[in-house]
């Protein structure tokens, strides 16, 4: 063996920084894209956002008009894209109250310019709601502090999930609270609004809501059910229920209706929901019997080259390599953002063209569609279409949908065609919605009814689709 030199030719794919950035931007959601752009704006002085009063001659990302077939009337009109349809603090100076941490709301400054709608939409927490009632209750400071301690131990649904004995070690020993004191405080909490608050389990929660109601045969029967036969009711085993209660169908129906009117999670109405808003990337409208796609300008960042730094670079050519590099990166970003939205528009228009029956007739008209079909139609790679359809949304007259909603597997039909899994789910929902609640449809019966329409689906597939729609099994859909 000895050292030697050899020439070897090979081919490999090299991703340039510009191409890597293009791929990265394509797969980002609108929120992630804006976060990425904000980061780049902080790092690159040559780039800035194009405000409405900005220089019209600057390089920028401009939203192209709605896509339309060449020569069509819609293409000539270039209509503007439409907006989608929117739909008292506790005084802790007393001995018993010193250990209680009272929540205090910050004072609202007169000069505060926070959004009034957000202020108006604020919902009090469960503890705030209960504390407000306790503040108006004639209790001693010691008892009020203990009641608030029990309130702090409730979970978000309003249940006391811990045993009272487990709470005693958490109390200040010098105040000499015992189990009897805690039980009295708990009963005080259970008398508050909403009814059922402070219960230890579902059975007690429902009893607390039934007991204040006026006496009636239905109430008496309902109290017996929630106390001793709640499992039979949950399983909808009405035959065993009638045998155990020795009642008629009408009596059981009245008691059942009364129980259904109760709230098993009384504290949930005060929970702060984590609301997530979606900004659609495109808007779908019908223009002269043709479904057209236009980019949503609210989702598009407007960028341009900073003219001050650009002029400095022109006046000092070759003097600043850093500014030249920033200028090139800024141009790349503007071009890649433009290309991102061009690709989103092309893919979304192709999806709408393939699924135009859905926009006319709804889910039952959804056709099977794969990423490969769109990729072949647009001469794109399948991975590119996958990136475009992830976390991208379109606003339509039927609601806001993620692009991936329009793709799905297919089931063969007797005629040799194919039916979309989305359409089959819609048919299952229709069949269950129209069924006789006393004799609900089994999965086998649903499969048989679909077979009569030429759609051959196995019973296990029906069960899988039904579960994905959160439709309970036949035993739990049966009523008296």
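Throughout, read-outs are computed from the coordinates displayed, never taken from laboratory work. Please read all numbers here as calculations on a predicted model, not as lab measurements. Glycine also receives a Cβ, built like all others from the backbone with ideal geometry; neighbour counts cover every protein chain displayed.
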Packing-based order for 243-252, 366-375, using average beta carbon neighbours within 10 Å, highest first: 366-375, 243-252
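Arrange 277, 361 by Cβ neighbour counts within 10 Å, fewest through most, would you?
With the sparsest Cβ surroundings first, the list reads 277, 361.
Nearest 0.05, what FRET efficiency do residue 449 and residue 179 give at R0 = 56 Å with Cβ-Cβ as r?
After rounding, the FRET efficiency stands at 0.40.
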Relative contact order computed over the range 202-270 (Cα-Cα under 8 Å; 6+ residues apart), in percent: 40
Computed label-point distance, nm, for sites residue 261 and residue 248 using a 7 Å Cα→Cβ extension: 2.0
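So if we plug the beta-carbon distance of residue 237 and residue 430 into 1/(1 + (r/R0)^6) with R0 = 35 Å, what FRET efficiency do we get, rounded to 0.05?
0.80
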Two-site FRET efficiency, residue 324 against residue 356, from Cβ-Cβ distance with R₀ of 56 Å, rounded to 0.05: 0.70
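Which order do 219, 49 fall in if you start with the one that has the fewest other Cβ atoms within 10 Å?
Ascending Cβ contact count within 10 Å gives the list 49, 219.
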Spatial separation of Cα centroids for the range 1-50 and the range 418-459, in angstrom: 49
Separation of the residue 377 and residue 23 label points, Cα + 7 Å toward Cβ, nm: 2.6
